[in-house]
1. Of A:A83, B:A188, B:G29, which is farthest towards the positive pole of the protein assembly as shown's charge dipole, taken about the Cα centre with +1 and -1 on the beta-carbons of Lys, Arg and Asp, Glu respectively?
2. Give the percent of DSSP beta bridges with both residues in the protein assembly as shown that are antiparallel, rounded to the nearest 5.
3. Once B and A are treated as a pair rather than alone, how much accessible area drops out, both sides summed, in Å² to 100, probe 1.4 Å?
4. Between the stretch B:191-219 and the stretch A:66-133, how far is it from one alpha carbon centroid to the other, in angstrom?
5. How many nm is it between the label spots at A:E228 and B:R379, if each spot is 7 Å from the Cα in line with the beta carbon?
6. Taking the simple approach of a point 7 Å from Cα along Cα-to-Cβ for both A:L218 and B:S358, what is their distance in nm?
7. Please report Rg over Rh for the stretch B:390-449, where both radii come from the alpha carbon positions and Rh follows the Kirkwood definition.
8. Calculate one ³J(HN,Hα) per residue across the stretch B:251-261 by plugging θ = phi - 60° into the Karplus curve 6.51 cos²θ - 1.76 cosθ + 1.60, and present them in order as whole Hz with x for glycine and proline.
Amino acid sequence: MIAACLKWSAATGGWSAADQAALELGLQHAERTGTDCVAVTVGPAAAAGALGEALACGASRAVHVVVDGDLPSWDTAVALSAAVAEAITVWCGDYSADRGSGSVPAYLAALRHCEQALGVVEARPGSLPFEVLRRLDGGRRERVSVTGPAVVSVEGAAARLRRASLRAQLADHSARLTTVAGPPADHLDAPVVAYRPRARQLPAPAGAVALDRIGAILHSGTPARRGETVELEPPAAAAAILDALTRWGYRAGGAAPGGATS
Amino acid sequence: MTAPTTTTGPGGDVTGPHLTDADVVVVGGGPAGSCAALVAARAGLRVVLLERGPFPGSKNMYGGVVYPRILDQLIPQWWTQAPVQRWITRRSTMLLTDTQAMSVDFRSQAWAAAPHNGATAVRPEWDRWLAEEAAAAGAQVVCSTTVTGLLRDGHRIVGVRTDRPDGDLTARVVVACDGVNSFLAKQAGLYEHADAAHYTVGVKETLALPKATIDERFNVRDRDGVDIEILGGTGGVNGGAFLYTNLESVSVGVVLKVPKLAAQQRRPEEIIAALKAHPAITPLVDGGELVEYSAHLIPEAGLAMMPKVVADGMVVAGDAAALCLAAGIWLEGVNFAMASGMYAGESVVEAVRAGDVSETGLAGYRRRLADSFVLRDHRKLRRAPSLVLSDRVQHRYPPMIANTIERMFRVDNPAPKPGLRRILAEERKRAGVRVRDLARDAWDAMRTFG
Ligand SMILES: Cc1cc2nc3c(=O)[nH]c(=O)nc-3n(C[C@H](O)[C@H](O)[C@H](O)COP(=O)(O)OP(=O)(O)OC[C@H]3O[C@@H](n4cnc5c(N)ncnc54)[C@H](O)[C@@H]3O)c2cc1C
């Protein structure tokens, strides 16, 4: 069995391009290996409609873990891992439509004690082993061989989701949709709306001519800050990374795993 | 479900006996389409609502103020659920010249309380909410699906063709709510001819500002909002401008007559930039971060451009039927779309139940439009578009009025105050307005708005 994990977003009423790519690759994988593709969503009742679209696209079954609110990434991964326990390969998008942290696939791999290939830009799924291409920093790529049970998270450009036929879209798919109750979730008091960046007042850039001012805005001509190489024992290295993330503002001082939202 | 036996062309001809896939196919998940689908689904008809965007409203834009009282008839206490940004409690009509501004500013706190008057709302939220109401009533909403043509049986319209695989859908009635420039109404032969002079192009910037800044600049609190309609500020292109407050953003935009815009070879974004740089506007929008830029056509000519709204097996509602009311200081399209969609839905239910979906069977739609504010307001304000967009109203009266007021309030001591009649006569001459034309326009304005 192949699984595709899809995060439904109330803001857009759908999935991110990355989740759509995950579903397409999951469907292709199932077709090439002659097995089932199961689409799984952890989300509110309204997400059921989107799972109907996954079924219209060709998923054999869908599992809806119903949670009424927002779950931390770790809890989302726990809920997903139960639903995809039998899957050999689990395809996920590497970001969700509501701009989550993208950490669910990694947690899921940790929970399943399986291989992980995250941030994949190209994949031709098939019988094991198969290869995927991962994005690395600095424009580099890494070719990774998936040799066993794995979680693969993909970028939106990795595949384009097929269009379901109108008949399939209109058909009643409820018989192939399993609904299970998820864990209790945090209730969001504020309604979820599409992301709109907040306005920020910035000082006007310096420079006598427009090109200089544009350069100042884009920081072009400023030497890029080179990465720092530290050689430490793993616990000290982990502490150094956490410390740097806190200094750069990515962590609100000492958050435990699962603190981020999915 | 039975597929049509033969189809041809971008639409197609269907022959042979068949059952239909749906009672009603509604094309377009804007306000007109969702209201039509809601009414028909509530009556128990099998309704499919097709929308080309990934969700209803995702592709839609407008200035930003909706007048939703027509929803009293569809969704009781709609104001408790509708996704509203702010309730309009201040309405200003502003007249701009290059350096001057004159406003008539009205405020009513009564509009802050239910059932309210106008509200600012963003279309992706508003349209989606209405479509969800239709879905809750039983309509099947299918998104990311573009209707590419009509299916016909002889001259009767019997369904639509979509861009999805296996994408033909037969229905007893098609409700075309596909917006301005409706391809479906044109394909059905309901429009006589297209004339660019009947359209304006609306262009809008959404500028994010903190709520506290908006409250302070526009002198409002809580969810109270402001609607400013502007005559002038369009860089010499005939049209109008607007500035509305959302919760944490403002919408500033212009509506421009298409042939004039083309003739002057101006870019709409330059015109908005100049509007934002006007001394009366800059303090309101300064520092706003551009979060959205959008543009859309408006069917501006009202009755002069309205197509036939009924054919055998099809009715047309909303902007697709040019029902938007664009009459100078009124720019109301969403309420006209919701109402016409509602009347289309009611008429379709009536026709389907009576077993007659021919043009005659669907004639109740035309009657409902005629008896309601939809056509009554259009009739009443039929002269408004040509009057408000005329060269005199656009280019000569604003400086005449603004200069008159400037001189009235100017203190030129030791010169004594001049009389208003003299100033007006001088400014009228300076603006090149003949008394005869002024009298005629005043008479027209009385007849139009009186
Ligand atoms: C700049 C501007 C400012 C405006 N300001 C205001 C205002 O402040 N207040 C106000 O009340 N009105 C305003 N209007 C007018 C208002 O936007 C329209 O009158 C109203 O949106 C019409 O609604 P509708 O449902 O008829 O069409 P639309 O809102 O245009 O909806 C049509 C729908 O059909 C879908 N569609 C189109 N073709 C197809 C197809 N082939 N297949 C499937 N789906 C299709 C579209 O994606 C869309 O969702 C403004 C318009 C503009 C352009």
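The values are calculated or read from the model by the stated rules, or taken from the named source; none is laboratory data. Treat the numbers as computed from the prediction; the structure is a model and nothing was measured. Every residue, glycine among them, receives a Cβ derived from its backbone with ideal geometry; neighbour counts consider all protein chains shown. In case anyone asks, the SASA skips ligands and DNA or RNA and just uses the protein heavy atoms, side chains included. Shrake-Rupley method; radii C 1.70, N 1.55, O 1.52, S 1.80 Å.
1. My answer, from the dipole projection, is B:A188.
2. Counting only bridges with both partners in the protein assembly as shown, antiparallel ones make up about 55 percent.
3. In total, this chain pair buries about 2000 Å².
4. 42
5. 7.9
6. Output for this residue pair reads 6.7 nm.
7. My calculation of the ratio gives 1.05.
8. Running phi through 6.51 cos²θ - 1.76 cosθ + 1.60 with θ = phi - 60° gives 10, 10, x, 9, 10, 10, 5, 4, x, 5, 4 Hz.
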